[in-house]
Amino acid sequence: MLLTANIEGLAELDKALADLEVKTATKALRGAMMYATTPLVKDIKSNAPVLSGETKLSIKRRTKIDKKGRSKKNTAVLSVGTRLKGKANKKNHLKAHLLEKGGKRQRPHPFIRPAFDRNKNIIIDRFAERLKQNITKAGGL
């Protein structure tokens, strides 16, 4: 399941971010993304059904930042989902998907989509706020 939110209208911050060196800009962007999604991760974990506890423990965040400009400059992706090492990851990913969407003999128990819907505006506000702080701290703006 892919849920996306494109943040636009931050032209001033985008320009200031582009003026920073790549390593500093990456750190500022990643830090803002992690800070912004903290309420989402907490909400997902608090509403995840607890059967064995594996699903709740496996909810993680991962960031990917395009440092080389292959797509657009200052492009970043953050994913929130279930992650465990090895074979347990595949099994747990399927389990989380079945919990969220349901199956033939299992009623759905959505916990990711509702958390995203409840938190998307908070995420955007927190992202813009923290990105501005990080850029200012790094000497931009």
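The values are calculated or read from the model by the stated rules, or taken from the named source; none is laboratory data. Just so we're clear, the structure is a prediction, and the values are computed from it rather than from any experiment. Counting neighbours? That spans all protein chains shown, and the Cβs are built from the backbone with ideal geometry, glycine included.
Among the residues of segment 39-59 satisfying the criterion of being out of contact with any Leu (no Cβ under 9 Å at 6 or more places or on another chain) and exposed (fewer than 15 other Cβ atoms within 10 Å of the Cβ), which is modelled with the highest pLDDT?
LYS42
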Name every residue in segment 71-129 that is under 22 Å from LEU10 (Cα atoms) and modelled with pLDDT under 90, in order of residue number.
SER71, LYS72, LYS73, ASN74, THR75, ALA76, VAL77, LEU78, SER79
So LYS95 clears everything in (1) over 16 Å from LEU40 (Cβ atoms); (2) in contact with a Leu (Cβ under 7 Å, 6 or more places away or on another chain) except one condition, right? Which one?
(2)
